[in-house]
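Data first, discussion second: the structure below is written as structure tokens.
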Amino acid sequence: MSSQPRTAAAPAATAPTAGQDLSREPSGAAAMPGGEAGEAVTGDVFAGTLAELTWYEVDRAARSGAVLLWAFGVIEQHGPHLPTGTDVYLPVARLRAVRALLAERGVQALVMPPYYWGVNVVSGSFPASYSVRPELMQEVMVDLLAGMARDGFRHVFCFSGHGDALHNRTIHDGVRAARDRTPADASFVTEPALARRIGLDLDDPSLTLYGPDEPPPPGPADVHAGRWETSLMMHSHPGLVREEVRARLEPSGLGASDLAVWRQGFDAARRVTPDGYFGDPAAAGAGEGRRLHALAAEQAADAIALRLRRPPPAQTAHPSRTED
């Protein structure tokens, strides 16, 4: 399902081959996200977050027992058809939906502005794929989580918008460090498959697990800027999808052995996926994205509500903070 009108010449365009230069913008109005129809680009990642509130409103929410939802993404290449902020846009959209679902369950929540200077290994050799040192990201997390706890927020639920193994280990490390060194009851909200892939114990009290624990579907792998991720963007941010490019991309057709090499990152990943996507973006659809978005939000809201009903897991005693 197209979210933008196509130019008359688009159907006759041939599919690009691997390594083809896709960086040139097409001519005409379709060169800009949103197209000539004037479709609004819903790319404000601060919309609906704590950044729009006054400090009085934030203080009132903390005093009333609100929880915080916080997304951790990256600025990273997502093929020739998706914006480099995809791993920020998608988790923020999900957390807005999670917040609404929690409200239906009697849980007040605020969405934090997203953290988007994360760790990039896989796409590290592509332009516009930026990274910080894991230890730096961890310390920033600890400082900010300490501030949230100081404001009176008892529970902070941290989500990842990025599949890179080191990025997700760093989120987990930051959560655990904050639990050890601050009053924050922080947890990393993730799927069992990802937790297992990065070597975490599923019984770790710093994890809030959601969704089924099942292997990936059979067939060619679809892990980055492919069918599922593009579908989500077509649903939540259609004006940012380069539809005239997406519709003519060939499936990467790569399997498990290619995925193992790709996950080595940097130049190895760029050799496996020279155009930056791993999957089948042309098969994506907004309807599929709507279904995936709703399912993930529902599962995450259920997991958070369940955790809040249980006795809090034990935390390491932490030194009291002193004011500078």
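The values are calculated or read from the model by the stated rules, or taken from the named source; none is laboratory data. Note that the structure is predicted; figures quoted are calculated from it, not measured. Note: ideal-geometry Cβ built from the backbone for every residue, glycine included; neighbour counts use all protein chains shown. Calculation scope for accessible area: heavy atoms of the full protein, side chains included, ligands and nucleic acids excluded. Shrake-Rupley method; radii C 1.70, N 1.55, O 1.52, S 1.80 Å.
From the residues in the range 220-250 that are assigned to a loop (DSSP other than H, G, I, E, B) and among the β-branched types (Val, Ile, Thr), which one is farthest from HIS162 (Cα to Cα)? Quick ask: steps written out before the conclusion?
Quick first cut of the range 220-250, residues assigned to a loop (DSSP other than H, G, I, E, B) only: 220-223, 225-226, 237, 241-242, 247-250.
With among the β-branched types (Val, Ile, Thr) added as a condition, the list becomes 223, 241.
Working: VAL223: 11, VAL241: 18 Å.
Ranking the candidates gives VAL241 first.
Yes or no: VAL98 in a helix (DSSP H, G or I), in contact (Cβ under 8 Å) with a residue 60 or more places away in the chain, open to solvent by less than 10 Å² (accessible area, probe 1.4 Å) and β-branched (Val, Ile, Thr)? Lay out the reasoning, then the answer.
Details: in a helix (DSSP H, G or I): yes; in contact (Cβ under 8 Å) with a residue 60 or more places away in the chain: yes; open to solvent by less than 10 Å² (accessible area, probe 1.4 Å): yes; β-branched (Val, Ile, Thr): yes.
Taking the combined requirement at face value, the residue satisfies it.
Hey, HIS235 hits all of (1) without any contact (Cβ under 8 Å) to a residue 60 or more places away in the chain; (2) out of contact with any His (no Cβ under 6 Å at 6 or more places or on another chain) but one; which does it fall short on?
With respect to (1) without any contact (Cβ under 8 Å) to a residue 60 or more places away in the chain; (2) out of contact with any His (no Cβ under 6 Å at 6 or more places or on another chain), HIS235 is out only on (2).
Determine whether the range 270-283 contains at least one residue that is assigned to a loop (DSSP other than H, G, I, E, B), open to solvent by less than 60 Å² (accessible area, probe 1.4 Å), modelled with pLDDT of 95 or more and of a type in the set (Phe, Trp, Tyr).
Yes, some residue in the range 270-283 is assigned to a loop (DSSP other than H, G, I, E, B), open to solvent by less than 60 Å² (accessible area, probe 1.4 Å), modelled with pLDDT of 95 or more and of a type in the set (Phe, Trp, Tyr).
Looking at the range 43-82, which of its residues are part of a helix (DSSP H, G or I) and either touching a helix residue (DSSP H, G or I) at 6+ places or on another chain (Cβ under 7 Å) or of a type outside the set (Lys, Arg) (or both)?
Narrowing the range 43-82 to residues part of a helix (DSSP H, G or I): 50-52, 55-63.
Listed by number, the residues that qualify are LEU50, ALA51, GLU52, TRP55, TYR56, GLU57, VAL58, ASP59, ALA61, ALA62.
With buried (at least 19 other Cβ atoms within 10 Å of the Cβ), farther than 30 Å from ARG60 by Cα and of a type in the set (Asp, Glu) as the only criterion, which of ASP164, ASP203, ASP185 stands out?
Residue meeting the stated conditions: ASP164.
Just the residues that are open to solvent by 30 Å² or more (accessible area, probe 1.4 Å) and either touching a Ser or Thr at 6+ places or on another chain (Cβ under 8 Å) or among the aromatic types (Phe, Trp, Tyr) (or both), please, taken from the range 81-95. Break it down into steps so the answer makes sense when it comes.
Pass one, the range 81-95, residues open to solvent by 30 Å² or more (accessible area, probe 1.4 Å): 84, 89, 94.
Matches in the range 81-95: THR84, TYR89.
Which ones in the range 118-141 are assigned to a helix (DSSP H, G or I) and either over 20 Å from the mean Cα position of the chain (by Cα) or not β-branched (Val, Ile, Thr) (or both)?
PRO134, GLU135, LEU136, MET137, GLN138, GLU139, MET141, listed by residue number.
Cβ-Cβ below 9 Å, separation at least six or inter-chain, first residue in the range 202-214 and outside any loop (DSSP other than H, G, I, E, B), second among the acidic types (Asp, Glu): which pairs?
Short answer, once both residue conditions are applied: LEU207/ASP201; LEU209/GLU191.
Inspect all residues belonging to the range 206-215 and state whether any of them is over 23 Å from VAL98 (Cβ atoms), open to solvent by less than 10 Å² (accessible area, probe 1.4 Å) and modelled with pLDDT under 95.
Taking every residue of the range 206-215 in turn, none turns out to be over 23 Å from VAL98 (Cβ atoms), open to solvent by less than 10 Å² (accessible area, probe 1.4 Å) and modelled with pLDDT under 95.
Among SER131, SER64, which is open to solvent by 10 Å² or more (accessible area, probe 1.4 Å) and either touching a Pro at 6+ places or on another chain (Cβ under 9 Å) or under 30 Å from ALA268 (Cβ atoms) (or both)?
On the way: SER64 fails: either touching a Pro at 6+ places or on another chain (Cβ under 9 Å) or under 30 Å from ALA268 (Cβ atoms) (or both).
Among SER131, SER64, only SER131 is open to solvent by 10 Å² or more (accessible area, probe 1.4 Å) and either touching a Pro at 6+ places or on another chain (Cβ under 9 Å) or under 30 Å from ALA268 (Cβ atoms) (or both).
Please state which one of LEU240, LEU259 is at pLDDT 95 or above, more than 19 Å from PRO83 (Cα to Cα) and open to solvent by less than 40 Å² (accessible area, probe 1.4 Å).
LEU259
Being modelled with pLDDT of 95 or more, touching a helix residue (DSSP H, G or I) at 6+ places or on another chain (Cβ under 9 Å), crowded, with 20+ Cβ neighbours inside 10 Å and not polar (S, T, N, Q) is the requirement here; does ALA305 meet it?
Spelling it out, it is not the case that ALA305 is modelled with pLDDT of 95 or more, touching a helix residue (DSSP H, G or I) at 6+ places or on another chain (Cβ under 9 Å), crowded, with 20+ Cβ neighbours inside 10 Å and not polar (S, T, N, Q).
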